[in-house]
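Below is the structure I would like to discuss, written out as structure tokens.
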Amino acid sequence: MATLSKSRLSRRAWMPLVLCCAALALLQASALPIETTDPLSPPNIIAPSGAAKPSSILLKGGTIIAYDDKTHDLDIIRDGSLLIVNDRIAAVGKTIGDVPAGTEIVDVTGSIITPGFVDTHKHAWQHLYQTMEPDITLNEYVWKYSSTAKITKHLNVQDVYSSAKMSLMDSLNGGVTSILDHGHATFTPKHVEGMLNAGIESGARVWHAYTVTPVASRKDDNYKLDFTGVNINGWRWKQLRDLAKQAPWANGRVQLGLAWEFGRSDQEAKYGFEQARDLNLSVVTVHHVGFPIQRKNSGYMAKPIYQLNEWGFLNSSYPIVFSHGTLVDGGDLSLLRKNNQFVSVTPESEHHFLHGQLFAHRVLTQGALGTDVSATFSSDIITQMRLQLQSTRNILANPVHYNMRYANNTAMTVKQAFLLGTRNGGLALHRPDIGVIKKGAKADVVVFSSDNPAFSAFYDPVAAVVLHAHVGNIQHVLVDGQWVKRDFKLQGVDWPKLKADFEASARKVQKISDSQDWTAVRQETWAAMQVTDDMEEAVQRVSVDPSQL
């Protein structure tokens, strides 16, 4: 294992990283007092609960979108049944043999049963910014609402906890049962505990990716970056090591991973992957956005997939999920296939923040879907499947359109879109037992009611889900065989309290935001980050002319 020659990482080496990963977090003076105390008490990680009570549930009469390992294809079972015993799918088919005594039988005749959807890139803690900046660009996001933004010094543990939990409940409500949460609100150890507690309490299957990067200083009102804890012996690495000894939580439902970025020296960059190996972490996630942030003269590694392969980390036993993959190429795809690693494509984010999708179609065979920031757009994977499907069809048909012709075939199928949001997500996390309905898979299941005008007489259930369904059609959701949504209502949550707590945090942030002199904040932030006009131009590039619409 390599060791670093200095106990503290170079601040100058961090500066390009701070600019880049703050921007990539998508992909990555107020008169009000700065919050320095944390009201959530006690702040410790919730102790893992005891094993769930033994149970069995039979979903009977639905159309099941199962997966067949022998044919490597979806298996549509009409008028089928699905038996869940404890946390696993015990049987699925047209007929089910004997069921355990006391099995709960649920009639889902006419419904569509799918596996739980998998979100491979999300920043749950940012949910409290929802609807505040509907037209924000990536450049603005860096100094307004990223994890290094000045406004974050006002966020206490309760704010981060409530926001993360509300975001995860939003995911569950939309049938997203597995979430890779890039948790970069590592402002203090208690904030980390708040995010973890939110995941444990939510009932969702969560991979919490611990983040080690500088944040906005919380000591005074003058903006500066706080490097405390970033050095090798700092509190962040110490906390990560301590958490690794405790993980996983909630009977394995909540796992610990690492969110790691480049922009460091080679030696520093390697350290994170070595720690992931030595601590037996469940996943490492890396932002991979591309131009212009990852060009060589920006200080951010232009080709992280190639570099990790050269270093020997790409074939690690743990999954490495590359978020966005804006500039992936054929060589990247070959390496990803060879080493069984995946890219998380986040179509709504990549369209909204304008880092683009020109090359996303290149890696869809080694791709899964993510939502990114639910503060700015959807938490559900249905939307992402639909948008990625049509975006890919459009991009690959454009060369035909340029020649004033019509395309006579489609470049991507509905089935491919469905697999991106389900099985591929499981494979990206090296978990072939999630994102699929088959015997032995985890009992993460979604039931769509067809009692609606959109697809009441559906012929193709996959098309019904990908092209016609919405969150309001989801009647039931189970995770590990436990009801988290039933008869259209979330289960196991004190909704009035969560709503009140979340609203208090969101209204506080809205008030602070309204009081900001954003021009001054931008200048102050860039000065502290040592961002020159040339460096900002590299991020902002050129403006789009709205008059062309």
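Derivation of every value follows stated rules applied to the coordinates shown; laboratory data play no part. Note that this is a predicted model, so its numbers are computed, not measured. Cβ placement follows ideal geometry from the backbone for every residue including glycine, while neighbour counts extend to all protein chains displayed.
Take the alpha-carbon centre of the range 329-376, take the same for the range 110-125, and report the distance between them in whole Å.
17
For Lys122, list the aspartates and glutamates whose Cα falls under 14 Å from its own Cα; do not include residues on the same chain fewer than 8 positions away.
List returned: Asp170, Asp181, Glu348, Glu350, Asp372, Asp380.
Let me ask you something else. Dimensions of the range 464-525 along principal axes (Cα, Å, largest first)?
50, 33, 20
Using the Karplus curve 6.51 cos²θ - 1.76 cosθ + 1.60 with θ = phi - 60°, work out ³J(HN,Hα) for each residue of the range 69-74 in order, rounded to whole Hz, and write x for Gly and Pro.
These are the phi-based 3J(HN,Hα) values: 5, 6, 8, 6, 8, 5 Hz.
For the range 321-409, what is Rg from Cα atoms divided by 2.2 N^0.38 Å, rounded to two decimals?
Working: Rg = 13.8 Å, N = 89, 2.2 N^0.38 = 12.1 Å.
Here the answer is 1.14, to two decimals.
Also, I was wondering about something else. What ³J(HN,Hα) values, in whole Hz, does the Karplus curve 6.51 cos²θ - 1.76 cosθ + 1.60 give for the range 458-469 when θ = phi - 60°, with x put for Gly and Pro?
Listing the rounded values in order: 4, 9, 9, x, 5, 5, 4, 6, 6, 9, 10, 6 Hz.
Could you tell me what % of all Cα pairs in the range 324-366 have separations over 17 Å?
Numbers: 236 of 903 pairs.
Across the range 324-366, Cα pairs with separations above 17 Å total 26 percent.
If you count, for each residue, the other Cβ atoms within 10 Å and average over each peptide, how do 449-457, 118-126, 467-475 line up from highest to lowest? Kindly include the intermediate steps, with their values, before the conclusion.
Details: 449-457: 13.7, 118-126: 30.8, 467-475: 18.8.
Ranked from most to least packed, the peptides come out as 118-126, 467-475, 449-457.
In the structure shown, do any of Lys245/Lys270; Lys219/Lys499; Lys190/Lys508; Lys153/Lys238 have a Cα-Cα gap over 24 Å, and if so which? Spell out each step's value before the answer.
Numbers: Lys245/Lys270 22 Å; Lys219/Lys499 30 Å; Lys190/Lys508 20 Å; Lys153/Lys238 22 Å.
Over 24 Å apart, Cα to Cα: Lys219/Lys499.
Out of residues 5 or more away from Trp207 or on other chains, whose amide H comes under 5 Å of its own, with H placed 1.01 Å from N in the peptide plane?
Under 5 Å from the amide H of Trp207 lie the amide H atoms of Ile179, Leu180, Asp181, Gln255, each far enough along the sequence or on another chain.
OK, next. For the range 361-469, what log10 I(q)/I(0) values come out of the Debye formula at q = 0.16, 0.24 1/Å, with one point per alpha carbon and no solvent?
-0.86, -1.35
Given a Förster radius of 30 Å and the C-beta distance between Asp107 and His470 as r, what FRET efficiency does 1/(1 + (r/R0)^6) yield to the nearest 0.05?
For Asp107 and His470, the calculated efficiency is 0.85.
A further question follows. How big is the gap, in Å, between the Cα center of the range 477-520 and the Cα center of the range 233-284?
Their Cα centres are 28 Å away from one another.
Give the residue from His154, Ser178, Ser167 lying farthest towards the positive end of the charge dipole for the range 137-184; charges sit on Cβ (+1 for Lys and Arg, -1 for Asp and Glu) and the dipole is referred to the Cα centre.
Value: His154.
Could you check the simple spin-label distance between Trp235 and Ala500, using points 7 Å along Cα→Cβ, in nm with one decimal?
Modelled inter-label distance: 3.1 nm.
Here is a further query. Ranked highest first by average number of other Cβ atoms within 10 Å, how do 362-370, 490-498, 307-315, 405-413 line up? Mind showing how you got there, number by number?
Numbers: 362-370: 24.1, 490-498: 13.3, 307-315: 16.8, 405-413: 11.8.
Packing proxy ranking, top to bottom: 362-370, 307-315, 490-498, 405-413.
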